[in-house]
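Note sheet for the following structure.
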Amino acid sequence: MLKLVGVETFYGKIKALHGVSLEVKEGQLVTILGANGAGKTTILKTISGLVEPEHGTIHFNGQRIDGEDSEKIVALGIGHVPEWRRIFPELTVEENLLMGGFLIKEKELLYERMEEAFRHFPILEKRKKQIAGTMSGGEQQMLAILRALMIRPKLLLLDEPSLGLSPILVRDIFTTIKDLHQSGVTILLVEQNVNRALSIADYGYVLTTGKILLSGTYEELLNEEKVREQYLGEGKYMRRSKLWSG
Amino acid sequence: MKGRYEDENLTWIPILIVGIFLLPFVLKGLTYSYKYYLFVLNMAGIYIILTVGLDLLSGYTGLISLGHAAFLAIGSYTSAILVDQVGIPFVFSLFISPLIVGLFGFIIGFPALRITGMYLGLTTMGFGFIVKRLIIAFREWTQGAGGLEVSFPIIFGYTFKSDWDNYFLISAFAILAVVVSRRIGKSKIGRAFMAIRDSEQAAEASGVNLAKYKMLAFFISGIFAGLAGVLFAHTSHFISTDHFDILLSIYFIIMVLVGGASSIYGAVLGTLFIVLLDYLFVPEMKGWIQEFLNIEGGDIQSLLFGLIMFLFIIFQPTGLYGMWLKMRIYWKLFPFNPKKKFI
């Protein structure tokens with residue numbers, strides 16, 4: 001469904017992605033793991049057209065989308081939930097959802113989709129007229145996801161949905177993601193919460209400093225020593241005194 | 001707390017409009033100096049047309065413009081030249097000149113695609129200086145720094161000669177501007193504007209074409225400023241570059257901020273507040289203020305407006321309109337309100 005080949009993205013003169021190749025098949029939930037600054041967010045931004053890749057190709061359903069306007073990419077059916085739940089804080093909940101369906105021309109369809117979104121997460125219906133920025137972090141994240149779902153994306157890009165949320169909300173968010181996946185949405189998930197991300201993912205990629213280091217299914221990655229050491233906190237421990245002696 | 005909900009009470013709007021058209025008769029009955037009051041209200045009306053457009057740009061889209069006096073100037077001079085030198089009827093100039101100013105806005109929109117905030121403010125300010133220079137440079141048409149006399153507005157054979165006549169012309173267009181800008185603010189376009197202000201990335205990820213909508217914001221704002229310029233030129237009969245100072249641009253921003261950014265009624269309130277203060281309050285109180293502060297001469301207006309903006313930003317960031325909304329909630333709940341002060 002989505003295929004990246006040798007994608008290189010620059011921020012000014014700084015190379016953020018060093019030839020990333022990955023593939024998301026229809027119906028899969030694929031996750032990208034990696035430390036801060038590894039380029040996870042950049043991959044998503046490159047796919048959804050917020051930044052342009054310098055080299056490499058991106059194909060979505062057989063159509064080449066690298067270098068296209070984000071407007072067109074959204075219209076093709078790629079929904080993006082940006083990092084830090086970038087909702088529109090000064091708009092109401094309703095207006096946020098309407099913004100999600102910005103490319104939908106028919107008004108009836110737009111409102112129909114909005115009703116559906118409310119059915120998905122009924123608390124938001126009561127808060128229809130509330131300024132979105134005054135809601136709690138979890139509600140804002142839900143709103144951000146529902147906003148992306150307004151266009152019925154074929155592929156949903158989720159950027160660190162658990163960032164800055166309490167453990168209970170993290171669980172809720174992951175349940176929602178799982179439900180979405182089971183209802184047939186293909187998802188590309190970027191997450192720091194490696195354990196949880198891998199537990200719901202079909203396939204995972206491990207990214208370090210702009211390069212794909214490893215890839216594999218849940219079991220394969222769990223058995224990989226590097227992953228366990230670096231991301232699951234099962235590394236070897238060292239006495240503090242030894243640290244200084246080298 | 002934003003005035004953009006559908007469940008608003010609209011019944012008082014016709015009453016208000018009738019009130020606006022009855023006001024000159026009331027003033028005439030009350031005082032002998034009603035002509036001065038009408039002149040002040042005309043000024044306010046023209047500025048309202050401009051500031052609601054500026055609100056769409058700076059309040060809704062979040063693109064600061066410190067060059068709106070320049071848009072006003074282009075509108076004024078374009079219309080003056082078109083009507084008096086080219087010979088186009090005033091009615092057509094009412095449509096053509098704003099569009100031309102809109103195109104200028106479009107051009108200024110280009111740098112806005114890359115820069116925001118402070119730097120955009122400086123860029124638009126630079127635009128203001130350039131326009132002023134250009135007006136002086138095109139001496140054959142604009143009479144340079146000496147200023148230009150402009151003909152009376154004529155609509156379908158009727159000549160608007162006095163402030164009394166102009167009041168009806170200007171208030172009609174001011175009402176139109178408020179209605180249109182509110183429609184824009186509530187529409188899909190207005191939502192896109194606010195989305196851009198709140199988060200450019202999220203807006204883009206929702207499928208908003210940033211370039212298109214930022215340019216559109218400048219274009220629309222330019223049209224409003226152009227219309228204000230046309231009315232300004234023909235109702236004041238004389239325009240010169242001194243009228244379109246950089247200070248005026250800053251006053252426009254103050255009007256929007258004091259009224260409450262991103263609400264159209266706020267821009268209207270803020271404009272009325274500042275203009276009435278400028279033309280009615282300050283001349284009356286000038287001597288007293290000077291004595292009180294122990295200064296001679298000096299620009300009391302700048303001092304006062306600077307102070308007002310300062311106080312509003314700190315104590316009442318939602319502006320006059322926000323204050324009104326809070327007051328309304330307070331009275332609605334009256335005996336049962338929580339013990340909080342409403343201002």
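The values are calculated or read from the model by the stated rules, or taken from the named source; none is laboratory data. Keep in mind that this is a model prediction, so the values were computed, not measured. When we count neighbours, we look across all protein chains shown, and the Cβ atoms used for this are built from the backbone with ideal geometry, even at glycine.
Worth a mention:
- Test result for B:Tyr279, out of contact with any His (no Cβ under 7 Å at 6 or more places or on another chain), crowded, with 20+ Cβ neighbours inside 10 Å and away from chain A (no Cβ under 14 Å): no
- Residues in the stretch A:6-40 that are touching an Asp or Glu at 6+ places or on another chain (Cβ under 9 Å) and among the hydrophobic types (A, V, I, L, M, F, W, C): 9 in all.
- Restricting the stretch B:107-122 to residues that are crowded, with 16+ Cβ neighbours inside 10 Å and within 20 Å of the chain's Cα centre (by Cα), the residue that is farthest from B:Leu247 (Cα to Cα) is B:Gly109.
- Hey, B:Ser181 within 10 Å of another protein chain (Cβ to nearest Cβ) and among the hydroxyl-bearing types (Ser, Thr, Tyr) or not: no
- The residues on offer are B:Tyr77, B:Tyr5, and the sole one that is at pLDDT below 90 and either surrounded by fewer than 18 Cβ atoms within 10 Å (Cβ to Cβ) or of a type outside the set (Asp, Glu) (or both) is B:Tyr5.
- A:Ile212 under 30 Å from A:Ile14 (Cα atoms), at pLDDT below 85 and buried (at least 17 other Cβ atoms within 10 Å of the Cβ): yes
- Per the listing B:Gln201, B:Gln290, the residue uniquely in a helix (DSSP H, G or I), without any contact (Cβ under 8 Å) to a residue 60 or more places away in the chain, on the phi < 0 side of the Ramachandran plot and within 14 Å of another protein chain (Cβ to nearest Cβ) is B:Gln201.
- The single residue among A:Leu143, A:Leu189, A:Leu169 that is more than 14 Å from every other protein chain (Cβ to nearest Cβ) and either over 13 Å from the mean Cα position of the chain (by Cα) or basic (Lys, Arg) (or both) turns out to be A:Leu169.
- Residue within the stretch B:158-166 that is within 21 Å of B:Gly45 (Cβ to Cβ) and within 14 Å of chain A (Cβ to nearest Cβ) present: no
- Any hit, the stretch A:141-162, residues being among the polar types (S, T, N, Q), crowded, with 19+ Cβ neighbours inside 10 Å and at negative phi: yes
- Meets criteria (among the hydrophobic types (A, V, I, L, M, F, W, C), surrounded by fewer than 22 Cβ atoms within 10 Å (Cβ to Cβ) and within 14 Å of another protein chain (Cβ to nearest Cβ)) for B:Ala211: yes
- Total residues in the stretch B:214-224, condition surrounded by fewer than 20 Cβ atoms within 10 Å (Cβ to Cβ) and farther than 28 Å from B:Ala172 by Cα: 0
- Qualifying residues in the stretch A:117-129 (those that are out of contact with any Ser or Thr (no Cβ under 6 Å at 6 or more places or on another chain) and outside any helix (DSSP H, G or I)) - the one nearest to A:Thr175 (Cα to Cα): A:Phe121
- Conditions (1) at pLDDT 90 or above; (2) under 23 Å from B:Gly128 (Cα atoms); number of the one not met by B:Gly146: (1)
- Residues located in the stretch B:26-37, provided they are modelled with pLDDT of 85 or more and surrounded by 11 or more Cβ atoms within 10 Å (Cβ to Cβ): B:Val26, B:Leu27, B:Lys28, B:Tyr34, B:Lys35, B:Tyr36, B:Tyr37
- Residues satisfying the stated conditions in the stretch A:118-133, i.e. touching a residue at least 12 places away in the same chain (Cβ under 8 Å) and surrounded by fewer than 22 Cβ atoms within 10 Å (Cβ to Cβ): A:His120, A:Phe121, A:Ile123, A:Arg127, A:Lys128, A:Lys129, A:Gln130, A:Ile131, A:Gly133
- Applying the set (1) farther than 29 Å from B:Trp324 by Cα; (2) within 14 Å of another protein chain (Cβ to nearest Cβ) to B:His243 leaves exactly one unmet item: (2).
- Sole residue being in contact with a Pro (Cβ under 9 Å, 6 or more places away or on another chain) and surrounded by fewer than 24 Cβ atoms within 10 Å (Cβ to Cβ), chosen from B:Ser199, B:Ser240, B:Ser236: B:Ser199
- For the condition surrounded by fewer than 23 Cβ atoms within 10 Å (Cβ to Cβ), over 30 Å from B:Ile300 (Cβ atoms) and away from chain A (no Cβ under 14 Å), B:Leu227 does not qualify.
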